[in-house]
């Protein structure tokens, strides 16, 4: 009830309704200290992980050209991802220090160990594929790299959602699916970009699956999981522009990948390459948009207090309904 409104007994509510203010308007949460290299690390890690999965599928199904390109792409992407991570950490020794312990409740600790196992397997599989030597050893490295690659592509979403930032934490159910779909689309797009159209059918199908999952998870995240207040950082400012551009590029790449996935020869190399590049750019924009939305949500106290008030209001409504139901049951005559 606002100031000046009357209660039943004629009393006035002298305290105005609370709004989204904090102490001197300062942020309630501390903005992340992660630098701009981190969203690049998120994108490249996802691209590497799902490229390893695509490489294993291509090799087992008899597509050596796509398998070789995906293995090389995974090795290059994970190498650049580690460069971005070390740049943010400041020096390589800080990454090594994470290996001193294994804390299963820490996504950063678990992710460090996953990366430590994944990187040598990926490099070994790529070296065997490029040189043509030790094919059995290359296959032995390809399969576990594919398994660990799925974790590499998604653990970073858990890392973000493990924070107190509402724009990240409140989407902890959909964010892993969003990251997995985005990384799958990027890996398929990379295959379409570097492989001949006649050999890129499997990559195109991979891209269709990933792009569909990404668009679906993004809609569920913004329309169902996050409230109207918590979803605003994804829809306004730099983050909103990135997310909208990502959706446009994903839709365009999905259309091209859908044509290529049929296996017909009607789509030429330029069209397949453009579709693949669009999917990769869309995946990168998704990572940068999610990262920027979290930073914007931490800067403005509205995005911290607002979701809390929404949950409190829903809890009060639920408690009132439950209390009324209990009172009605007590009024019923006993037989």
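The values are calculated or read from the model by the stated rules, or taken from the named source; none is laboratory data. Quick caveat, the model's predicted, so the values are computed rather than measured. For neighbour counting, all protein chains shown are included, and Cβ atoms are generated from backbone atoms with ideal geometry for every residue, glycine included.
Some observations on this one:
- Entry remark, region 276-308: residues being more than 20 Å from residue 180 (Cβ to Cβ) and modelled with pLDDT under 90 number 14 in total.
- Every test in (1) within 22 Å of residue 284 (Cβ to Cβ); (2) assigned to a helix (DSSP H, G or I) is passed by residue 163 save one, and that test is (2).
- Candidates 55, 48, 72: the one that is assigned to a helix (DSSP H, G or I), surrounded by fewer than 23 Cβ atoms within 10 Å (Cβ to Cβ) and modelled with pLDDT of 90 or more is 72.
- For the criterion of being surrounded by fewer than 17 Cβ atoms within 10 Å (Cβ to Cβ), at positive phi and either out of contact with any helix residue (DSSP H, G or I) (no Cβ under 6 Å at 6 or more places or on another chain) or at pLDDT below 90 (or both), residue 237 passes.
- Just so you know, in region 90-118 the residues that are over 21 Å from the mean Cα position of the chain (by Cα), without any contact (Cβ under 8 Å) to a residue 12 or more places away in the chain and assigned to a helix (DSSP H, G or I) include one that is farthest from residue 47 (Cα to Cα), and it is 100.
- Candidate set: region 222-232, residues that are closer than 18 Å to residue 173 by Cβ and part of a helix (DSSP H, G or I); chosen: the one modelled with the lowest pLDDT: 225
- One residue from 111, 124 being closer than 15 Å to residue 51 by Cα and surrounded by 13 or more Cβ atoms within 10 Å (Cβ to Cβ): 124
- With respect to being in contact (Cβ under 8 Å) with a residue 40 or more places away in the chain and closer than 23 Å to residue 65 by Cβ, residue 208 fits the description.
- Any hit, region 134-141, residues being touching a residue at least 40 places away in the same chain (Cβ under 8 Å), assigned to a helix (DSSP H, G or I) and within 18 Å of residue 46 (Cβ to Cβ): no
- Residue list for region 96-107, restricted to those being surrounded by 13 or more Cβ atoms within 10 Å (Cβ to Cβ) and in contact with a helix residue (DSSP H, G or I) (Cβ under 6 Å, 6 or more places away or on another chain): 98, 107
- Top-ranked residue of region 174-201 - restricted to ones that are touching a helix residue (DSSP H, G or I) at 6+ places or on another chain (Cβ under 6 Å) and not in a helix (DSSP H, G or I), ranked as surrounded by the most Cβ atoms within 10 Å (Cβ to Cβ): 200
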